[in-house]
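Here is the structure we will look at.
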Amino acid sequence: MLSTMQSYALTVGSVLRHAATVHGARETITAVAPGRRRTSYAELGERAARLANALRGFGVDGDQRVATFQWSNQEHLDGYAAIPSMGAVLHTLNLRLPPHQLSYIANHAEDSVLIVDDTLVPLLARALPDMATVHTVLVTGSGDLAPLEGYGKEVLRYDEVLAAQSPVFDWPDVDENSAAAMCYTSGTTGNPKGVVYSHRSMWLHSQAACTRNALGVSYDDTILAIVPMFHANAWGLPYAAMMAGAQLLLPGPFLQAAPLVEMIESERPTMSGAVPTIWNDILNHLRDNPGHDISSLKFVACGGSAVPRSLMQAFDELGVRIVQAWGMTETSPLASVALPPATATPEEAMHLRGTQGRVVAGVEARIVDDEGTALPHDGKSVGELEVRGPWVTAAYHGGEDPEKFHDGWLRTGDVGLIDPRQFITLTDRAKDVIKSGGEWISSVELENELIGHPDVQSAAVIGVPDEKWQERPLAAVVRRPGSTVGPEELRQYLSDKVAKWWLPERFSFIDEVPLTGTGKYDKKVLRKRYSDGELAVEGHVEG
């Protein structure tokens with residue numbers, strides 16, 4: 001019989017141990033007012049042990065869920081490290097959700113202990129009375145505890161609790177297939193649904209993120225993790241950083257363009273990750289306030305929604321390379337990255353950068369028609385994208401929404417095509433595709449072209465009823481300050497960029513595009529505002 005390799009469990013605990021020992025001198029840098037806090041990975045190991053000891057004292061001795069209601073900061077990273085490593089389940093709560101959804105999610109997950117930032121206490125206080133399973137709340141910072149008291153929960157200060165604990169913990173052997181963390185979808189339709197990540201899935205996802213065909217995280221990087229730690233594990237960046245020994249720059253609540261630019265200039269991060277709206281805000285800030293230098297950023301992962309080509313080109317001129325990546329909460333989330341081959345011409349490279357890219361090793365993708373039949377990857381056949389892999393969920397927590405899963409594949413709800421080089425191009429969400437006169441119109445492509453206009457700050461396109469064509473596109477546009485750009489100028493701008501029959505007749509000029517809790521365009525809000533007559537519509541509509 002041939003000899004076999006050593007058995008080694010792929011767990012979050014092994015990632016923490018590696019970071020605290022091999023990369024113990026590397027740091028987490030948290031933005032505070034004023035200045036920064038710095039904590040080494042070796043100190044992180046001790047902080048994680050203290051937190052684990054405290055949680056044991058609160059009765060967390062199995063796979064109980066421990067919730068976090070936190071900004072991206074050191075205390076949140078403590079939870080990332082300690083909670084899964086002790087065998088419990090890290091549950092990140094989205095602080096942008098309304099109280100009724102927060103309490104629904106906490107009850108559905110059966111959270112037992114909750115860690116909250118003191119600046120978020122007023123928000124939590126509105127949901128805490130209905131969180132039936134939460135029995136203990138730890139508050140980080142020195143803010144007022146009174147709003148959380150009187151609801152039958154034990155409310156304690158995080159720093160005081162940790163100070164009383166030993167910096168040594170007897171970390172258990174954890175099954176790599178057991179639950180490590182969970183995150184809920186943004187709930188754009190119906191209630192949010194829970195996605196449970198295993199230790200093995202998170203370890204493999206982190207390793208994939210470190211490969212050059214994905215994000216290429218390495219020891220020499222400092223990662224500015226703008227994407228919140230409450231959203232899909234900050235795209236896996238904290239665990240990838242710990243695995244590689246990269247430093248982490250955590251912005252806390254300072255997510256506006258001005259403080260982010262200041263952080264980049266002073267701390268010189270080499271990598272970052274955030275949704276396109278953040279980078280659009282940063283670009284506008286740089287244009288309005290010339291003289292800043294953010295060129296330390298060599299790789300910016302951008303996802304959550306399609307990245308406009310104009311945005312990538314603008315940052316190219318600043319020496320910053322934006323790379324489009326695609327994924328979902330259900331895919332942990334990294335699934336594909338748009339990295340053109342070195343042999344591509346500049347024109348080909350820009351085209352490929354505008355796609356969702358190729359899947360990383362470990363993920364498989366296909367497109368299917370309405371009957372579920374796989375379509376060829378010929379760059380022409382359009383269908384729904386389905387994916388599978390070791391860090392792609394096989395079911396939602398509680399078995400909800402089983403129709404999202406098809407023969408072992410996750411139905412993404414995204415519509416698009418795959419070309420012979422295996423680059424994925426998504427044209428829309430299935431629910432957002434516009435069908436006009438029997439022909440499809442991509443709202444995503446229209447949005448990307450509109451954002452390229454110098455007087456347009458952001459734009460979202462929705463389908464609205466039309467007497468003649470059944471449905472037509474309406475462009476909701478946010479003008480740049482001082483601009484008076486109108487429908488005819490925008491139609492003329494689009495005329496040589498998209499098919500004639502794609503050109504919107506209807507435009508609405510709005511103050512801001514509504515966003516979901518994860519920073520994506522919330523088109524259901526725009527559709528409701530239109531149906532309720534709340535959007536002032538300009539343009540010429542033929543009868």
- Query: Is there a residue being at positive phi and out of contact with any Phe, Trp or Tyr (no Cβ under 6 Å at 6 or more places or on another chain) anywhere in segment 219-229?
  - Reply: no
- Message: Looking at Ala132, Ala180, Ala125, can you tell me which residue is closer than 21 Å to Ile105 by Cα and touching a His at 6+ places or on another chain (Cβ under 6 Å)?
- Response: Ala180
- Query: How many of the residues making up segment 140-160 are touching a Leu at 6+ places or on another chain (Cβ under 6 Å) and within 21 Å of Asn73 (Cα to Cα)?
  - Reply: 3
- Query: Of (1) surrounded by fewer than 22 Cβ atoms within 10 Å (Cβ to Cβ); (2) in a strand (DSSP E or B), Thr412 satisfies all except one. Which?
  - Reply: (1)
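What about Ser272, is it part of a loop (DSSP other than H, G, I, E, B), under 22 Å from Ser296 (Cβ atoms) and among the hydroxyl-bearing types (Ser, Thr, Tyr)?
no
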- Query: Counting only residues that are polar (S, T, N, Q) and either within 28 Å of Gln422 (Cα to Cα) or without any contact (Cβ under 8 Å) to a residue 24 or more places away in the chain (or both), which one in segment 180-221 is surrounded by the most Cβ atoms within 10 Å (Cβ to Cβ)?
  - Reply: Ser206
- Message: Condition (residue is crowded, with 22+ Cβ neighbours inside 10 Å and under 25 Å from Ala258 (Cβ atoms)) applied to segment 16-28: is it met by at least one residue?
- Response: yes
- Task: Evaluate segment 309-319: report whether one residue or more is buried (at least 17 other Cβ atoms within 10 Å of the Cβ) and on the phi > 0 side of the Ramachandran plot.
- Result: no
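Listed here are the residues, each with its yes/no results for (1) more than 30 Å from Tyr8 (Cβ to Cβ); (2) of a type in the set (Gly, Ala, Ser).
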position: Asp111; (1), (2): yes, no
position: Leu123; (1), (2): yes, no
position: Ala127; (1), (2): yes, yes
position: His135; (1), (2): yes, no
position: Leu138; (1), (2): yes, no
position: Ala146; (1), (2): yes, yes
position: Phe169; (1), (2): no, no
position: Pro172; (1), (2): no, no
position: Cys183; (1), (2): no, no
- Message: Taking the condition of being farther than 23 Å from Ala365 by Cβ and either outside the structural domain of Arg388 (by TED's automatic domain parsing) or surrounded by fewer than 20 Cβ atoms within 10 Å (Cβ to Cβ) (or both), how many residues in segment 320-341 meet it?
- Response: 1
- Note on the structure: Flagged in segment 64-93 as of a type in the set (Ser, Thr, Tyr) and touching a Gly at 6+ places or on another chain (Cβ under 7 Å), in numbering order, are Thr68, Ser72, Ser85
- Criterion violated by His377 - all others in (1) in a loop (DSSP other than H, G, I, E, B); (2) within 21 Å of Ala234 (Cβ to Cβ); (3) not basic (Lys, Arg) satisfied: (2)
- Message: Restricting to segment 55-74, count the residues that are in a helix (DSSP H, G or I) and buried (at least 24 other Cβ atoms within 10 Å of the Cβ).
- Response: 1
- Item | segment 416-466, residues that are assigned to a strand (DSSP E or B) and hydroxyl-bearing (Ser, Thr, Tyr) | Thr425, Thr427, Ser436, Ser458
- Task: Find all pairs meeting these conditions: Cβ atoms under 7 angstrom apart; at least six residues apart or on different chains; first residue within segment 342-357 and assigned by TED's automatic domain parsing to the domain that holds Asp316; second residue assigned to a helix (DSSP H, G or I) and modelled with pLDDT under 95.
- Result: Met350/Arg309; Gly354/Arg309
- Note on the structure: Residue set Gly35, Gly59; condition touching a strand residue (DSSP E or B) at 6+ places or on another chain (Cβ under 8 Å) and either assigned by TED's automatic domain parsing to the domain that holds His397 or on the phi > 0 side of the Ramachandran plot (or both); output residue Gly59
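Each row is one residue, and each column tells you yes or no for (1) within 20 Å of Phe58 (Cα to Cα); (2) in the same structural domain as Ala67 (by TED's automatic domain parsing); (3) under 20 Å from the mean Cα position of the chain (by Cα); (4) modelled with pLDDT under 95.
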{"position": "Met86", "(1), (2), (3), (4)": "yes, yes, no, no"}
{"position": "Val89", "(1), (2), (3), (4)": "yes, yes, yes, no"}
{"position": "Pro98", "(1), (2), (3), (4)": "no, yes, yes, yes"}
{"position": "Gln101", "(1), (2), (3), (4)": "no, yes, yes, yes"}
{"position": "Glu110", "(1), (2), (3), (4)": "yes, yes, no, no"}
{"position": "Ile115", "(1), (2), (3), (4)": "yes, yes, no, no"}
{"position": "Leu120", "(1), (2), (3), (4)": "no, yes, no, no"}
{"position": "Leu123", "(1), (2), (3), (4)": "no, yes, no, no"}
{"position": "Arg126", "(1), (2), (3), (4)": "no, yes, no, no"}
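The values are calculated or read from the model by the stated rules, or taken from the named source; none is laboratory data. Computed from a predicted model, the values in this text were never measured in an experiment. Virtual Cβ from ideal backbone geometry, glycine too; neighbours counted across all protein chains shown.
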